[in-house]
1. Which members of the stretch 160-183 meet the condition of being open to solvent by 20 Å² or more (accessible area, probe 1.4 Å), more than 51 Å from the chain's Cα centre (by Cα) and either modelled with pLDDT under 85 or charged (D, E, K, R) (or both)?
2. Quick test of your reading of the structure: SER52 fulfils all but one of (1) without any contact (Cβ under 8 Å) to a residue 40 or more places away in the chain; (2) of a type outside the set (Val, Ile, Thr); (3) touching a strand residue (DSSP E or B) at 6+ places or on another chain (Cβ under 8 Å). Name the failing condition by number.
3. Just name the residue that is least open to solvent (accessible area, probe 1.4 Å) out of those in the stretch 578-607 that are without any contact (Cβ under 8 Å) to a residue 12 or more places away in the chain and part of a loop (DSSP other than H, G, I, E, B).
4. Within the stretch 522-538, which residues are on the phi < 0 side of the Ramachandran plot, open to solvent by less than 40 Å² (accessible area, probe 1.4 Å) and either small (Gly, Ala, Ser) or under 56 Å from the mean Cα position of the chain (by Cα) (or both)?
5. How do the pairs read when you match residues in the stretch 349-375 that are closer than 22 Å to LEU397 by Cα and open to solvent by 20 Å² or more (accessible area, probe 1.4 Å) with residues anywhere that are part of a loop (DSSP other than H, G, I, E, B) and aromatic (Phe, Trp, Tyr), using Cβ under 7 Å and keeping only pairs 6 or more apart or on different chains?
6. Output the number of the condition that SER422 fails; it satisfies all remaining conditions of (1) free of Cβ contacts under 8 Å to residues at least 24 places away in the same chain; (2) surrounded by 12 or more Cβ atoms within 10 Å (Cβ to Cβ); (3) under 16 Å from ASN347 (Cα atoms); (4) of a type outside the set (Asp, Glu).
7. Within the stretch 91-106, is even one residue at pLDDT 80 or above, aromatic (Phe, Trp, Tyr), open to solvent by less than 70 Å² (accessible area, probe 1.4 Å) and assigned to a helix (DSSP H, G or I)?
8. Please name all residue pairs, on different chains or six or more residues apart, with Cβ atoms under 8 Å, provided the first residue is in the stretch 111-125 and is more than 16 Å from THR72 (Cα to Cα) and the second residue is open to solvent by 10 Å² or more (accessible area, probe 1.4 Å) and among the polar types (S, T, N, Q).
Amino acid sequence: MNKTKYVDRNQYVVVLWVTVVGVVLLASLWGYEWGKSSLAKNAISAYEKEVSSNIKTLIEDKRDASMAIAITLSENPDIRTMLCKICAPINFDFKKISKKLTANTNFNNVWLQLIDSEGVSLLRSWTPKKGDSVLTVREDIRDNLANPRATQTLSVGKFSLSVKSAPPIFDEQKKLLGLIEVISKFGTMAKRLKQYQNIDSVILADKRFRNRLVHAETGLFIDDYYVVNETHLLQDRSFLSELENVDFDHFEGHHIYGKTIVGRHLIKNGYGQNVAYWFTFSKKSGVNFTEMERILAGYIYAVMLFLLLLTVLFIVYCFKRQSDGRKSYYRQIIDSASEIILVANRNKVVDANQHFFDFYSDFSTLAEFHEKHKDLSDTFEQEEGFLQKYMQGIYWLDYVLQDRQKVHKAKIMKDSQSHYFSVKAGMMEGLQKPLFNVLLQEITEQELYKNQLEHLSQTDALTGIGNRLYFNRCLNKEIQRSHRYKSDLSLLIFDIDFFKKVNDSYGHDVGDQVLVEVSTVIQSLLRETDILCRFGGEEFAIIMPETGLVEAEASAERLRATIEEISIDEFPSKLTISFGVGQVTKWDNEKSILKRVDNALYRAKELGRNRVVVAEGNPIKRS
């Protein structure tokens, strides 16, 4: 029967392993296809960015060369002579220069125009028409003549999309003679892109210029978009039919049609406005997919390595099942130890030694313990200086682990008695799941002795109230709390008037008795939150948290009157006390408030003693 169960378990493990491998393979196949698609998109996007960069370079080269030609012509003395109204006329053939530029440069069909200072066109290389003013139709020329400088525009005119470069021409006296304009059209740039990258393209001027193109060179429009360049693609009727179905208004980035990548590249003028659209038609075979193929090959190797690792883990698991039949970990609790030793999986105690149950004697099992306490820290007392569930926002166990050199202490109540423990923790090695060993060593005797010593160091031996050391600590703490929470805090300092006479007349023993009685009476009249300390000699101080100046002054007056009314039977002579009272301001620290209140006490003595004086800097607001 047991053998059958063992075989069934093995069959279950095998089925589970096969299922996992199948899921991994399916997920890997999906990941491969998704990755391939994503990487292909990235490669095509990079390719289109490169095409766009090359197009921008072509445009910039055209603009630069056009301006260079225009500036060169503007320096020609014959051009200046033609613009000179008093010079003898000369014969200057613009058509010849235009033909030379077409024959010897990449700027085919370059047009030249000479315009005088009054905006009259003197010569045009593309037409015999001359003598007409261009100021009414050319705002850029009008602006150039009004403010002479080399200008360049990229615009759509009557004929086509072109770059117009126009430097001004001056005579020797720096007087404006006119300007020479070089008009370089965009049609040939698509040919250059075809030569350099073997990319077919169509340049379309924006349809808002449809009415301006009265002499359109190609004469071809697609949905009111003017086709700038002549290309063999326009002879393909099926291509034209497909192009007419493209939504140019909403065409973004690039699209893939079969094996062709159609990209749109904006052509903008100097004002950042879209003037035309350069559509490129690239073959997918021209895209470099080497990086994609490298990554996909790495992905396949990674999947194979993962499956191999999964197989190795399965074999190791099977051997482990055969060797011990189940998961186990070594018990690390020593029952004979006098300390509480336990194992926790961060939030829950999973094992503990016998001393744990000796201390938590109400529970015989961990299950019973967890029914009442979800976490060991639930038994910790919430007291400053000791471990709590969260320390500075960090779980107590993590807090102990991050600083193992520090002495961490916990306070636990048992049978109405305080027990103190030093707490140490460490992470157990070699286990499949993270477990932590925690050691609680009882230090109750040492802690009580330490508390006793600390109490003695802060207590006045004669009166039993706090001494100057305790006062300084409490004042510093309360001032910080007052500043942090913007709460009221007042300080009272008083001493016994003519106390030296008591010592001189009755002796120091009687004087000591007077100090004890006065502190006892004053303490009985204060709140639990008020702190009475012997400041030194016959001088005392009272720290009054959550108390404003008016209340503090009233309390001081009440205490003064009480001491004054004490019968002579309780003291050897009639006693009075003088008070200095002050409220802590946002500018105060320990030294400044002490000085202000002490000065107030000094003034109370100067004014005749047995009175209350408010410190300077604390005007009382009475209702």
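The values are calculated or read from the model by the stated rules, or taken from the named source; none is laboratory data. Everything numeric in this text was worked out from a predicted model, so none of it was measured. Don't worry about glycine lacking a Cβ; one is built from the backbone with ideal geometry, like all the others, and counts go over all protein chains shown. To get the accessible areas, we keep the full protein, side chains included, count just its heavy atoms, and leave off ligands, DNA and RNA. Shrake-Rupley method; radii C 1.70, N 1.55, O 1.52, S 1.80 Å.
1. ASP171, GLU172, LYS174, LYS175
2. Status for SER52: all satisfied but (1).
3. Filtering first and then ranking leaves LEU607.
4. LEU526, ASP530, ILE531, LEU532, CYS533, PHE535
5. So the pair list comes out as PHE357/PHE363.
6. Only one criterion is unmet by SER422, namely (3).
7. no
8. Once the first residue is more than 16 Å from THR72 (Cα to Cα) and sits in the stretch 111-125, its partners that are open to solvent by 10 Å² or more (accessible area, probe 1.4 Å) and among the polar types (S, T, N, Q) give GLU118/SER133; GLY119/SER133; VAL120/SER133; SER121/SER133; SER125/SER98.
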